[in-house]
Every structure is written in structure tokens, then in C-alpha cells.
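Below is one structure; the comments refer to it alone.
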Amino acid sequence: MTELTIHIVKIGLQLDYYSVAQVIDWADQSIIDGDEDALFIDLSLVDETGPDAAIGMLHDWSEGKEIVLEQAYQYYLGYYHKILLQWTGGNWARIQRELIEFYKLDEFVLNKVHRTFYNQLLNDYTLRELSIAAPMNMPDDLEQFLYQFPVQEEMDEYLEGQNMQLTLKDIAY
């Protein structure tokens, strides 16, 4: 188990990209594979009714280990980029909503670039919801921002090796 995997799983659980059942299966498989970390034992026994307990355990484990948190964020932004590249027929609005939720995570410390983009994204989304002309040129502005985050195929392979695959809610963008 690595800190990066824990951050990716925690973020994915917070955004509902992983179900609690998937996290329990991951913990069970890790125990079977010989990882005796107490976190896996705790996650293996967590209640499936909601993600709060599992998120709390992952948060407690990762507290003070933020050095790789930026890598986890880069991974998710690369994943949104990958989805946008596969985009067909107007689903950029869904990606826009997903990014707004992503940026709302408490752990995400917005630097100037991300804060500016988040504010533009949120304003654009709000105005579109009110049927008012929005300031962003979608999906071009979204694509231009996400272009700086490379699609991380090697990270997908890494997560598969950690018995965890990011499914992004199996959304067919």
C-alpha cells in the first residue's frame, strides 16, 4: 500500500467514484495478498451503508502525509482530461459539474491557477443554470485547461497492481 493509493481512494470515495463495497473488496484482497496494515483490517469491517466511516479511516491514515496529495489531484485532473478526449455529444457539462465537486473537497488547496479556473467554472455553471449567457467558451475552455494534465495511463496500471481500479462511476461520457 502506498500513500498515493490511499489519497486516490479517499478522493474517489468522497466523490462517489468508488462505492464502499469496492473499498471493502480492495481491503479484503489486500489482506489476502498479505498486507497486514491495520487500515485494511478496519476498512474490511466497515459498514457499507455510507462512505463516512471509510472516508474517516482513510483521512486519519493519510493525515500528515500530504506530500503525494498533489500527485493524486494530478491523476484525477488527467482522468477528467481523458474523459473529455473521449467526449461525444455535449457531456462536457457533466465534466464541468464533476470538476466543481472535485474542487470543493476540503483537502484541495487551490493555488492561483486552480482558484481562477474554479471561479470561472462555477460562475459559468451558475449562469448556464439560470439560462444567462455564460462567459466561458465550452467545451474549448475546459479542454484548454485540462490539456495541461496528461492522461495518466501508467497510473491506471499502477492502481490495477494495487487491486484497485478507478471506474469514475462507470459513467459513459
Notebook entry, point to check: With (1) buried (at least 17 other Cβ atoms within 10 Å of the Cβ); (2) at pLDDT 90 or above as the list, and residue 69 as the residue in question, which single condition is left unmet?
Noted result: (2)
Notebook entry, point to check: Are there any pairs, at least 6 apart or on different chains, whose C-beta atoms fall under 7 Å, with the first in the range 117-141 and hydrophobic (A, V, I, L, M, F, W, C) and the second assigned to a loop (DSSP other than H, G, I, E, B) and surrounded by 14 or more Cβ atoms within 10 Å (Cβ to Cβ), and if so, which?
Noted result: 127/134
Next item on the list: Please go through the range 39-60 and pick out each residue that is under 18 Å from the mean Cα position of the chain (by Cα) and in contact (Cβ under 8 Å) with a residue 12 or more places away in the chain.
Entry: 50, 51, 54, 55, 57, 58, 59
Notebook entry, point to check: Hey, any hits in the range 43-54 for a residue that's assigned by TED's automatic domain parsing to the domain that holds residue 158, at pLDDT below 85, assigned to a helix (DSSP H, G or I) and closer than 14 Å to residue 8 by Cα?
Noted result: no
Next item on the list: Tell me which of these residue 34 doesn't satisfy, since it passes every other one: (1) of a type in the set (Gly, Ala, Ser); (2) touching a Phe, Trp or Tyr at 6+ places or on another chain (Cβ under 9 Å); (3) in the same structural domain as residue 8 (by TED's automatic domain parsing).
Entry: (2)
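The values are calculated or read from the model by the stated rules, or taken from the named source; none is laboratory data. Everything quoted here is computed from the prediction, not taken from an experiment. Every residue, glycine as well, gets a Cβ built from its backbone with ideal geometry; the counts of neighbours run over all protein chains shown.
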